[in-house]
Structures are given as C-alpha cells and as structure tokens.
Amino acid sequence: MLNQQAESVIKIRDLHKCYWVGTMPFPALYGINLEIESGEFAVLAGRSGSGKSTLLNIVGALESTDSGRVEVLSRDILSMNQDQRTHFRLHNIGFIFQAYNLIRVFSARENVAYVCQLQGKSKKESMEIANHWLQEVEIGHLGYRRPDQLSGGQQQRVAVARALASNPKLILADEPTANLDSMTGRHLIRLMRELNQRLGTTFLISSHDPDVKQAASRLIKLADGQIVEAWNDIPKPPSSITSSCPMSNLPLTERLQNYFKAARGNARNKKRRRKTRRRS
Amino acid sequence: MLGNFQKAIIGSIQIHHQGFFQRPELSRTIADPDKVIANLEQAGIVNYSRRLETFGLAASDTTTQGVMLIGMDPQRESLVTELEKRIGIGRFLQSEDDYSLVVGATTASNLQVKLGDEIIIIGYDRYGAMVAESFTLVGVITSGEMGLDSGMAITNLSTLQEMVDLPEQITTIVISAEEKRIPSLVDELNQSLHEASLEIMPWYTMFPVMKEWVTLHNGFLYLFIGVVLFIVLAGEMNTMLLSMLERTREFGVLMAIGTTRYQVASMLLVEAILIGVIGIALGIILGYSIILVTSIIGIDLSILLGSTSRFYVDPLIYPHLQLDNLGITVGTILLASVLAGIYPAWRASLLQPVEAIRNG
Ligand SMILES: Nc1ncnc2c1ncn2[C@@H]1O[C@H](COP(=O)(O)OP(=O)(O)OP(=O)(O)O)[C@@H](O)[C@H]1O
Ligand SMILES: [Mg+2]
C-alpha cells in the first residue's frame, strides 16, 4: 500500500475549476478525484466540452484551479508560483499538442534539442539527444527539415520526440491524433504506446479517437466535468453553483477582477473571430 | 557648408587697415603691404592674396547698378578662394587682362549685358573725385547665390589701382587657413603686426551670423538625433510588437515546455538589438556610399537657399563623414532599439501559456 502511494504520478482530490463568462461562473470540472500510477497509458475520453483539456492543463501546471488538491510526482503543483511551475514542467512533464506546435524557424532536430538546452545541456549533447529521440520516433533521417517541410504525422512525431527529450516522468497529450488521418494516427499512437511500455513513461492522453481508446491501459470517462464509470451514467448535477464554483463566494473585488479578465479574453476572441471571418 | 562659405569669396582671415571693415573707404588702405606680406611669409603662410575693394556704379547702355568693386590678383586668388570655379559663362580674369570685368549673373542680367559687352564703372578715386572707365565683360559668376551673383564686379588688381589712382596700394589681404588653426593664427598675427594699426579678422568675426548658423547647425544635429531616436523607437517598437503578437502562440508553447518568462523577454530584447545593429550596418553602408558619391559631385541646394545665400553660402555642398557624429547616431539607434524591445518583451513575459496557445 505504501509502495503503491509512492508510485502514483498524478493524485487529484476533489478538484473544482470554474471559467467565468461575464459575471457568470461556469463549472468546467467539479469534484474530480483521480489517481494515475507510474507507467500507465491513461486515456481521457469524453465529448467536446467535457473538460478534457482543462484537466490536462491543470495537471500540466498551466492552469489554476478553484479548489481541490493536485499532486503531480508527489509535488503540490497548486502551491507553486509561476516560475516554479515553469521549472517543474521543464524537468518533469512532456507536452504533446493537438496542433503539433513546433517552432517554425527551428529544424526538427533543433526543436527537440531546444528543451535539452533549456535544461542546461550543451548544444552538442542536446543535438545528440535529439538525434537519438528522432530515431526512436522513426524520423531520424528528417532531422534537418523545418516543420513546414514535414507532414502532419511527421511533425507530431517530432513533438513526441520533443516531449521525451527532457526525460520526463509524465507526458500529457491533448488530442494528439485529432489533426491526423486515422492511419497516421494509429501509427502514432502505436509508437507512443510502445515507448510507454519500453521506457515506463506515464502517459495521460485526451482523445475521442477510438484507436487511442483501444490502446489505453486505462480509460477515464469524463462527462460534463465529472468522471463517470459508464457513458450512460448521468453525471449528478452540482448541488449548487457555490459548491462547485467556490469562486462565487469570493469578495466582490476578486469577482470583478475575474470578470474583467474574462471580458478581456472574450473581446480578444471576438476580434480574432472577426479577423478570421474577414480572411475567409 | 562652412568650407564652401569661406572658399566662395571671404577666405579664412582678412587683414585690413583698422576700421576698413566697418567703413570701407579708400583712405583706409594698408599702410605698408610689403611688410605685412613679409610677416605672413615669416609665419609660414603661403596662401594669401591682395585685394583692393571699393564701391562703384556699373552702367550699361540701358541701366545702372551699384556694385562692390574688387581688384584681385588673378594668379594668387586661386590660393585663397575658389571664385574661379564659380565662373559659369566666359572665363576668370587673367594677369595680362586690362580693364576686363567679371560680374555676377544677376548683375549681368540686370544690366542686360553679355560677354564682350562694354560696362562703364563709375567710382571715386582716392581724393574723392569721380572717375569712370570702360570695361569689357569677360566672365559671369553663376553660383546661384545672391551675394556673389549680384552686387559684385571683379577686375584685375592693377586695373583698379590705376583707375582709383592708388598704385601698389591694397585694402585687403585674404588668407586661407585650416579651420582649426584660425584662432591661433589670428593671435600670432595680432602679436607680430600690432604696431601697424591693422584689423586681423577671422571670417566668423566678420560674419557672426555665419558663426551662429554653424552653431545652429550643431543644434540641429541634436534635434535630428532626437527625431531619429523617435522614429527608430516608434518604428521598431511597432515591428517588435507586431512580430511578438504574431508569435503569441509560439511563445505560449515555449513557456509551456519550460522556457521561463525571463528567457522569452530576453529573446525579444536581443532580437530588438539585433534589428538595430543590422539597421546600423545597412545604414552605414548606404550612408557612406551616398556621402562618397556626393562628396565628389556635391549636392546642389540652390533651390532651398533663399535668404541664407546672402551670406555667401555655396549652394553646392560637399558632405563628409564626421566620426563623432557617427558615434552619437549609432549610440542613439542602439539605445532606441533597446527601448523599443523593452515593452514587447515585458508584454511577452506576462503571457499565460494556455491563453497564448488558445488565442495565438
Ligand atoms: N477560457 C475559457 N473560458 C470560458 N470557458 C471555457 C474556457 N475554456 C474552456 N471553457 C469551457 O470549459 C468547458 C471544458 O472545456 P475543455 O476545453 O476542457 O473541453 P474539452 O473536453 O477539451 O473539449 P474538446 O474536445 O472540444 O477539446 C467547455 O464547456 C468550455 O466551453
Ligand atoms: Mg480540448
């Protein structure tokens, strides 16, 4: 039992997260309890808007929460300040994004080597590590190419290599196959699963791709911000807004601050939508 | 422009009889010019020339015009001024000329004369008696400057001496010297010639307006640098801010995978400085080539020069590079680049990775 506790990579207790739309709190996650152990290949499934990305971002020390406890690798990430979180991410977590998100001006090799250099390794050593991981993801011969000279599947492999290059205990992948065709996606997920088994790196992957779900060592079902046992379980509605969104208990000044923060974000989104509409 | 001003007609230093500059009368000739010249040569000055200057009236068949009548030594004049180069039509005076005349273009057109025409010059001799002589027009100064092009009639020194009955007499010795040697030279001459009741005047004492103009010019340099600072600041800040916003998503990713906000900020700062450095390098190459070309062919400012040309400013300017000015400008641009980088860097350091990735 004691041993098992030490093995747990992620430990979430009664996690609540609210987004603020105007002055209205919107509960995105409520009452999440989750434990993920070392070496798991856990897949977070759920409909769009169920809170998968939100949960991954919280685990990745990228997003704040409203209440609850989140321990990653036995560290209380919620109590960390921004710089501590950055440091924690660099040394413990690898990220894979839906849209690959490689650095455009870097070659594939440089993209992978970058995190090693951030960790303080020499350029030469970083490049060697990058070469190694690019070979692991079977694109060792394409290291010199820039992202725009690679296919989506190849880019996502570079992203996997980048996530592994920092030698993390945990890799978080938010819909890694969503932008790929099913064949390419299947290959990628098989590769990730193989690496997981060989290296023992823990994976937490959000996806609604059946191939991904099939490869999972554990499937976590998320519906309306809650973990459910089966899809036909109707998640119990939050007893009240204040219980799931303790923020609404906050003093008015802080609520107003949240309101303005959200309002600014909304305005920006609106502007971006206008821009993209005009472009198309 | 300063060099041009002197070169046109005034020279660096002029020596007159005491009071001549204020009231140029023929009674105020230099008492013993040979002694003064001997003194100059002793001081190692070789670039000097004699002149006799008075006022007169130039008359053609149709009209008359008041002129400053200058007798020059055609051979030595080229040692002190570049007047000869300003002759646009005809030729400059020659030593063997007799009653030949060079006038400015404006004067020539006022008098409605052309090369070879006769011009009558009416003046006063040393006793105040009126004299009139007939001259032949051999050259016209077309400098584009009011001071030179109008109100000036130039003839041989010996001719004018004969006309006003002042054989071997002169009113003016013009000296050309290096700009930075002028003050010490004036001191030196004042000492060695102090008995002779002369006035030894550097150009800036004769034409203080020009000196002010030069000072003003330096003031303009700082104004100019201020403008440069502003333009670089605004332009580069805009560029940096745009390129930062364009890469918001990328910065979000960088931060998510472990880049600190300080690293992101310093990345942008370095970028801004690099833009400045590249700009400086390109600017120096371009600017230097322009200076190189224009220092040979000159820049013609005659359209721009309205009133200043009254002070004998040459409309053809020949730019040259001053290293200290270059240093100030380069320093300013570097400073502006750093400043232009600070705001975008600060903005970038405040990015929240999730929002940046979502919104970028
Ligand atoms: N910045 C935000 N402001 C307000 N609401 C948000 C914000 N981000 C997410 N939400 C809301 O929180 C809920 C969970 O969002 P989340 O992005 O985690 O869903 P998801 O499961 O990842 O969906 P998808 O499969 O479409 O990516 C959604 O209902 C969404 O509308
Ligand atoms: Mg999502």
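Values computed for the structure shown
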item	result
Total charge dipole magnitude, the stretch A:8-249, about the Cα centre, Cβ charges on Lys, Arg, Asp, Glu only, Debye to nearest 20	440 debye
Proximal charge balance of residue B:159 [Cβ under 9 Å; K/R count +1, D/E count -1]	-4
Rg over Rh [alpha-carbon atoms, Kirkwood Rh] for chain B	1.23
Volume in Å³ per residue [convex hull over Cα atoms, computed for the stretch B:2-206]	107 Å³
Positive-pole candidate from B:66, A:203, A:131, dipole of the protein assembly as shown, charges at beta carbon	A:203
Share, in percent, of DSSP beta bridges within the protein assembly as shown that are antiparallel, nearest 5	70 percent
Cα gyration tensor, the stretch A:26-86 - rounded (a/c under 1.5), prolate or oblate	oblate
10 Å Cβ neighbours from other chains, averaged over peptide B:352-359	6
Efficiency of FRET between residue B:194 and residue B:230 - r from beta-carbon atoms, R0 56 angstrom, step 0.05	0.60
Solvent exposure ordering (accessible area, 1.4 Å, most first) of B:230, B:207	B:230, B:207
Relative contact order %, chain B, counting alpha carbon pairs below 8 Å whose residues are six or more apart	22 percent
Using alpha-carbon coordinates, inclination of helix B:261-297 to the longest axis of chain B, degrees	20 degrees
Efficiency of FRET between residue B:299 and residue A:231 - r from beta-carbon atoms, R0 56 angstrom, step 0.05	0.10
Accessible area (Å², 1.4 Å probe, nearest 10) - residue A:268	120 Å²
About the Cα centre, charge dipole magnitude for the protein assembly as shown (Lys/Arg +1, Asp/Glu -1 at Cβ), debye	5680 debye
Between the stretch B:6-57 and the stretch B:148-217, the alpha-carbon center distance in angstrom	5 Å
Low-density loop positions, trypsin sites (Lys or Arg not before Pro), the stretch B:47-77 - DSSP coil, at most 10 other Cβ in 10 Å	none
Heavy atoms of residue B:114: accessible area, 1.4 Å probe, square angstrom to 10	140 Å²
Positive-end residue, the stretch A:8-249 charge dipole about Cα centroid, Cβ charges, pick of A:24, A:140, A:43	A:140
Dipole moment magnitude, nearest 20 debye, the stretch B:161-253 about Cα centre, only Lys, Arg, Asp, Glu C-beta charged	860 debye
Solvent-accessible area buried by pairing A with B, both sides, nearest 100 square angstrom, 1.4 angstrom probe	2000 Å²
Inter-site label distance for residue A:106 and residue B:346 at 7 Å from Cα along Cβ, in nm	2.9 nm
Whole-number percent relative contact order across the stretch B:2-206, with pairs defined as alpha carbons under 8 Å at least 6 apart	34 percent
Rounded to 10°, Cα long-axis angle of helix B:208-246 versus longest principal axis of chain B	20 degrees
Accessible-area ranking of B:130, A:192, B:267, B:68, largest first, probe 1.4 Å	B:130, B:267, B:68, A:192
Under-5 Å amide H pairs with residue A:21, H placed in peptide plane, nonlocal only	A:26
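The values are calculated or read from the model by the stated rules, or taken from the named source; none is laboratory data. Only a predicted model underlies this, so the values are computations on that prediction, with no experimental measurement involved. Cβ coordinates were reconstructed from backbone atoms using ideal geometry, including for glycine residues, and neighbour counts include every protein chain displayed. Note: accessible area is taken over every heavy atom of the protein model, side chains too, but ligands, DNA and RNA are not part of it. Shrake-Rupley method; radii C 1.70, N 1.55, O 1.52, S 1.80 Å.
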